[in-house]
Each structure stands twice: as C-alpha cells, then as structure tokens.
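One structure is given here, and the rest of the page talks about it.
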Amino acid sequence: MGSEASRALTITVEQGSLLDVDTQVIVNAANSHGLMGGGVAGVIRRVAGFQVEEEARKQAPIPVGMAVLTSGGRTKFRGIIHAPTMSEPAMRIPPYNIGAATRAALALADEQGFQSLAIPGLGTGIGKVSPQEAAREMIREIQQFNPEILQSVVLIDIDPVMVQAWRDLLFQQGNSSGG
C-alpha cells in the first residue's frame, strides 16, 4: 500500500453542448479508423475543422480501449481525446466498450497533464446502448480511476435522457450531480 491517499475525481453533470463546456479537453466517441462522420464526432469536426479528423486518422487504427490526442483545431480546447467505442463506423456495440473508452480517455487526459475533461454520453447514439447502461459504465470507470493530475470530469449531453441517467445513478449513490 502506498502512502498517498487516492483522489476522487469531481463529477459534474450538465445538459448542453460538449463544445460549450468549460474544460481543457473534450472526448470524441470515436471509431477505430478516426473517421468523424456522424453524431457528436461530426459536430466536433464541423466546429474544429477537418484537420482534427486528419490528425486522428494518422494515429489509426485506434483499438477500442485505447485513446489518442489531437489538437483542439478551431475549438477553444487544448485538445480532443478520441476514444473509440466501436472498431467500425456505425456499429452496434456492447456496453463494455463504453467502459473501455471511458477508462482510456481518463488515462490519456491524466497522462497528458489535463486537469479537466468533458465527456458526452458514449455509445448511446450510433452504438445503440441505452443511456442507463452507458451511465453505469461511464460512472463506474470515473469512480474507479485514480488520477495523478486530472481533477474534474464534466458529463455533458444535449439529450435529457442521458443527463437524467447520470443524475439518477449519482443520486442513488448519494453524490451530488451539479447542473
């Protein structure tokens, strides 16, 4: 056992656009090819610029359970973490992939020295995982993660069902969920 106490991440839940959040870095629910076609990835690409997709594609293939960092492009963010939830575009995925993507994003953010990270609902659109299952996977990984530098995670989505799933789970656990 180490002498250092583990630090829990602060979790905040917000309803709104990932691109409006006040964090250093955001997560793109990617595919292993780094293609940013649909869903949140398409919105990020339109705002950040095509160079972000090019940066991600140069690092492909990115296995589910791994993540890569690109610039923030034309966004205000210091970077975008691409964490694949699916190996091929437009795949239906198992909930496990959401946990693996969340874990990879947290590890990369911490390793790269970011203090704040925003994550949208992963796998609930194209991946067809229910918001409740996605919330369970994401929150479990965030709560189990032992950061060195990362201090806060904002869970943010425009979908009120996803936001409510995070809030319900955190409320059941007796944690405040903000927003």
| request: Might you check whether a residue that is within 18 Å of PRO61 (Cα to Cα) and not basic (Lys, Arg) occurs anywhere in segment 122-133? | output: no
| field | Every residue from segment 117-142 that is at positive phi and assigned to a helix (DSSP H, G or I) | value | none
| task | Return a yes/no flag: does segment 92-101 have any residue that is within 19 Å of THR10 (Cβ to Cβ), part of a loop (DSSP other than H, G, I, E, B) and of a type in the set (Val, Ile, Thr). | result | no
| task | Can you tell me which residue among VAL64, VAL13 is at pLDDT 95 or above and in contact with a Gly (Cβ under 6 Å, 6 or more places away or on another chain)? | result | VAL13
| remark: Selection from segment 73-107 of residues surrounded by 23 or more Cβ atoms within 10 Å (Cβ to Cβ), under 15 Å from ALA60 (Cβ atoms) and out of contact with any Pro (no Cβ under 9 Å at 6 or more places or on another chain) yields ILE80, ILE81, HIS82, ALA83, THR85
| query | Any idea how many residues of segment 152-179 are among the β-branched types (Val, Ile, Thr), part of a helix (DSSP H, G or I) and either surrounded by 14 or more Cβ atoms within 10 Å (Cβ to Cβ) or at pLDDT below 95 (or both)? | reply | 1
| query | Got at least one residue in segment 88-105 being of a type in the set (Asp, Glu) and modelled with pLDDT of 95 or more? | reply | no
| Quick check: anything in segment 124-137 farther than 23 Å from ILE44 by Cα, over 14 Å from the mean Cα position of the chain (by Cα) and not charged (D, E, K, R)? | yes
| Looking at segment 19-37, is at least one residue closer than 25 Å to VAL163 by Cα, charged (D, E, K, R), surrounded by fewer than 19 Cβ atoms within 10 Å (Cβ to Cβ) and out of contact with any Gly (no Cβ under 6 Å at 6 or more places or on another chain)? | yes
| Between residues in segment 52-70 that are under 13 Å from ALA29 (Cα atoms) and assigned to a loop (DSSP other than H, G, I, E, B) and residues that are among the aliphatic types (A, V, I, L, M) and at pLDDT 95 or above, which pairs lie under 7 Å by C-beta distance while being six or more apart or on different chains? | ILE62/VAL68; GLY65/ALA100; GLY65/ALA104; ALA67/ILE81; ALA67/ALA83; ALA67/ALA104; ALA67/ALA105; ALA67/LEU108
| Any residue at all in segment 10-17 that is loosely packed, with under 15 Cβ neighbours inside 10 Å and of a type in the set (Asp, Glu)? | no
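The values are calculated or read from the model by the stated rules, or taken from the named source; none is laboratory data. Here the structure is a predicted model, which is why all the values come from computation and not from measurement. With ideal geometry, Cβ positions are generated from the backbone for all residues, glycine too; neighbour counts draw on all protein chains shown.
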